[in-house]
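The values are calculated or read from the model by the stated rules, or taken from the named source; none is laboratory data. Keep in mind that this is a model prediction, so the values were computed, not measured. Cβ placement follows ideal geometry from the backbone for every residue including glycine, while neighbour counts extend to all protein chains displayed.
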């Protein structure tokens, strides 16, 4: 496994965890961190040993967005890195779970929104703070935000440039689940283990289908479902599970 300076990577029990590791900078992005995280995510996504990917931050923040000390010089490169990151997460065949352990601001917020699911500490917050710098959302924010909260709420969040508490983020749908801060690691692991224990082929096809539905017709999705289901009926795992379910029902 590659060694990184700004990202910690661990693979245990089918769960690959990438931890942003610049706690002194609240895990803010600079060029090296962007390159390392992109490489780590691609490596995890390509690994047959990884059934679920977890993304989190070291220290008291998830990610503060761009490192302001390099934003002036490296801004265009950091924005471009967001495209690579968002597309890599969505293209990953595995579920990608964000464990939001603290503030997620700007590009850091949208890194979390790019993930398939967000479990957050009750001490976490999230915000589209771009207008405070005279900028607009990047790293996929203009795509993810209105799909999660609706256009009018998305515009309010962008225009106000405010950090949203965990409770409000849960109510808005920015966070999917909020747990006490001390329980975040345990609950993240429990959820990741549940998903990792599901049939890999089925999990991956489900992610593919649900995202494809965003730009597809009902008829196209029904055809895809038939194709996927027929592929899975032919697998040994599905046959075994169907047989076990039938045996259990008959007793």
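Structure values in brief
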{"read-out": "Failed item in (1) in a helix (DSSP H, G or I); (2) surrounded by 13 or more Cβ atoms within 10 Å (Cβ to Cβ), with residue 226 passing the rest", "value": "(2)"}
{"read-out": "From the options 64, 120, residue that is touching a helix residue (DSSP H, G or I) at 6+ places or on another chain (Cβ under 8 Å), assigned by TED's automatic domain parsing to the domain that holds residue 174, over 23 Å from residue 193 (Cβ atoms) and surrounded by 21 or more Cβ atoms within 10 Å (Cβ to Cβ)", "value": "64"}
{"read-out": "Region 29-66, residues that are touching a strand residue (DSSP E or B) at 6+ places or on another chain (Cβ under 6 Å), outside any helix (DSSP H, G or I) and within 22 Å of residue 129 (Cβ to Cβ)", "value": "29, 55, 56, 57, 58, 61, 62, 63, 64, 65, 66"}
{"read-out": "Selection status of residue 73, surrounded by fewer than 19 Cβ atoms within 10 Å (Cβ to Cβ) and assigned to a loop (DSSP other than H, G, I, E, B)", "value": "no"}
{"read-out": "Single residue of region 9-20 satisfying the filter (surrounded by fewer than 19 Cβ atoms within 10 Å (Cβ to Cβ) and on the phi < 0 side of the Ramachandran plot) that is farthest from the chain's Cα centre (by Cα)", "value": "12"}
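Table: residues versus (1) surrounded by 15 or more Cβ atoms within 10 Å (Cβ to Cβ); (2) farther than 29 Å from residue 129 by Cα; (3) at pLDDT 95 or above; (4) outside the structural domain of residue 49 (by TED's automatic domain parsing).
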residue: 156; (1), (2), (3), (4): no, no, yes, no
residue: 160; (1), (2), (3), (4): no, no, yes, no
residue: 178; (1), (2), (3), (4): yes, no, yes, no
residue: 187; (1), (2), (3), (4): yes, no, yes, no
residue: 206; (1), (2), (3), (4): no, yes, yes, yes
residue: 234; (1), (2), (3), (4): no, yes, no, yes
residue: 238; (1), (2), (3), (4): yes, yes, no, yes
